[in-house]
Every structure is written in structure tokens, then in C-alpha cells.
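Provided herewith is a single structure, encoded as C-alpha cells, for subsequent inquiry.
The numbers here are math on the coordinates, done by the rules we state, and not lab data. Quantities reported herein were computed from a predicted structural model and do not represent experimental measurements. In this analysis, Cβ positions are derived from the backbone assuming ideal geometry, glycine residues included, and neighbour counts consider all displayed protein chains.
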Amino acid sequence: MRFEFSAGGVVFNKTKNENSDIKVLVAQHSQHHGWVFPKGLIGDHVKGEKKEDTATREVKEETGVLGRIVKELIPVTYWYQFEGEKIRKTVYYFLMKYVSGDTKDHDHEMENVEWIIIDEVEQRLTYKSDKTVWQQAQEMLKSL
Ligand code: ATP
């Protein structure tokens, strides 16, 4: 058994004061094709990198979008298998506000990157852990 730790972001782009105008950034993974929030392994690219910095960097690389962290969300975990080994992954997500950048600049790790309205997010997400993260993020968005 092995442990992995990743960090990522739920980025929102609030254009007006109404909830219906908030868009959320989701991405489709090029390998497993699931719709997810962008993330990446902590310490994989930059040794000793803080999880906040990993989250911001990975979101930018994978989606083309720069976000500013607003709040840390409660970490989620899931299990998967790689070459017969069980891996328990913990992911630290942060709620982020859009700063700059364009989804057309996403890298090869994601095959699609989209801004979608909040009413469509729950249904679009493939995995339970992302839906759990979204529930938290959605509550926070209501109070912003
Ligand atoms: P990272 O983005 O953390 O660098 P990765 O892109 O290399 O990781 P994962 O996204 O963790 O890899 O995918 C590894 C395996 O886990 C795939 O088989 C994928 O289908 C599955 N998986 C990905 N996300 C989840 C999830 N939230 N819940 C359950 N299984 C998942």
C-alpha cells in the first residue's frame, strides 16, 4: 500500500452578484476521461513545495487559468490501484477566484476544460470525492 498527496482547486468566476452568473472550472482528464477539478501531486515537480503553491501551479498548468486562493476546503481521499498496488490518495482542494488566463492554454493532461454554471457542476463531476468537495465549495460560494 502507498500514500499519495495532491492539491488542486475549485475555481469560480463571478461576473455579477447573482448565483446563476457564477461559472466553475471543470476539466476532463486525458487518460481516464473523468470530469474532475484540476489537481496534481505535491512535491512531484518542485521539492518542498507548499500545497497552496502546488494547487495554484497545477490549476494553471492543467487548465490555463490562474486562480487566487480564497479558502481551504476539507481534504478528500480515494483509493485506486496501479500495477497491482493499492494507493490511498488524499487531495487538498482550495476554493479559488479567477484572476486571469484562458482555458485554451490548458496542457495535454486535460483533453477538455470548461467553465460551467453552478447548476451543472454536480452532474458533470465523475467521482464521489469531487462531488463532496463541490458540496463544500457551493456552500461557501453562497456566503460570498
Ligand atoms: P494527480 O492529478 O494527483 O497528479 P493523476 O492524474 O496521475 O494524479 P489520478 O487522477 O489520481 O491520477 O487517477 C489515478 C486513477 O484514479 C485513475 O484510474 C482514475 O480513474 C482514478 N481516480 C481519479 N480521480 C478519482 C477520484 N476522485 N475518485 C476515485 N478514483 C479516481
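For region 97-118, which residues satisfy the criterion of being within 16 Å of the ligand (Cβ to nearest atom) and among the acidic types (Asp, Glu)?
So in region 97-118, the residues within 16 Å of the ligand (Cβ to nearest atom) come out as 106-113.
Within region 97-118, ASP107, GLU109, GLU111 qualify.
A follow-up question, please. Among THR77, THR132, which is the only one that is under 16 Å from GLY9 (Cβ atoms) and either of a type in the set (A, V, I, L, M, F, W, C) or out of contact with any Asp or Glu (no Cβ under 9 Å at 6 or more places or on another chain) (or both)?
Numbers: THR77 fails: under 16 Å from GLY9 (Cβ atoms).
Of THR77, THR132, the one residue that is under 16 Å from GLY9 (Cβ atoms) and either of a type in the set (A, V, I, L, M, F, W, C) or out of contact with any Asp or Glu (no Cβ under 9 Å at 6 or more places or on another chain) (or both) is THR132.
Assuming ASP130 fulfils every condition listed in (1) charged (D, E, K, R); (2) surrounded by 13 or more Cβ atoms within 10 Å (Cβ to Cβ); (3) out of contact with any Leu (no Cβ under 9 Å at 6 or more places or on another chain); (4) over 15 Å from GLN28 (Cα atoms) apart from one, which condition is it?
(4)
In region 116-140, what residues are farther than 17 Å from HIS32 by Cβ and out of contact with any helix residue (DSSP H, G or I) (no Cβ under 7 Å at 6 or more places or on another chain)?
Keep residues of region 116-140 that are farther than 17 Å from HIS32 by Cβ, which gives 116-123, 132-140.
Of everything in region 116-140, those that are farther than 17 Å from HIS32 by Cβ and out of contact with any helix residue (DSSP H, G or I) (no Cβ under 7 Å at 6 or more places or on another chain) turn out to be ASP119, GLU120, GLN123, THR132, VAL133, GLN135, GLN136, ALA137, GLU139, MET140.
Which residues, taken from region 36-63, are near the ligand (Cβ under 10 Å from one of its atoms), of a type outside the set (Lys, Arg) and either assigned to a strand (DSSP E or B) or closer than 18 Å to LEU73 by Cα (or both)?
VAL36, PHE37, PRO38, GLY40, LEU41, ILE42, THR54, GLU58
Conditions tested, residue by residue: (1) among the charged types (D, E, K, R); (2) surrounded by fewer than 20 Cβ atoms within 10 Å (Cβ to Cβ); (3) without any contact (Cβ under 8 Å) to a residue 60 or more places away in the chain; (4) within 25 Å of LEU144 (Cα to Cα).
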| residue | (1), (2), (3), (4) |
| --- | --- |
| TRP35 | no, yes, no, no |
| PRO38 | no, no, no, yes |
| ARG57 | yes, yes, yes, yes |
| THR77 | no, yes, yes, no |
| HIS106 | no, no, no, no |
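Let me ask something else about it. Yes or no: HIS33 under 12 Å from the mean Cα position of the chain (by Cα), under 22 Å from GLN123 (Cα atoms) and either of a type outside the set (A, V, I, L, M, F, W, C) or away from the ligand (no atom under 13 Å from the Cβ) (or both)?
Working: under 12 Å from the mean Cα position of the chain (by Cα): no; under 22 Å from GLN123 (Cα atoms): yes; either of a type outside the set (A, V, I, L, M, F, W, C) or away from the ligand (no atom under 13 Å from the Cβ) (or both): yes.
Judged against the criteria, HIS33 is not a match.
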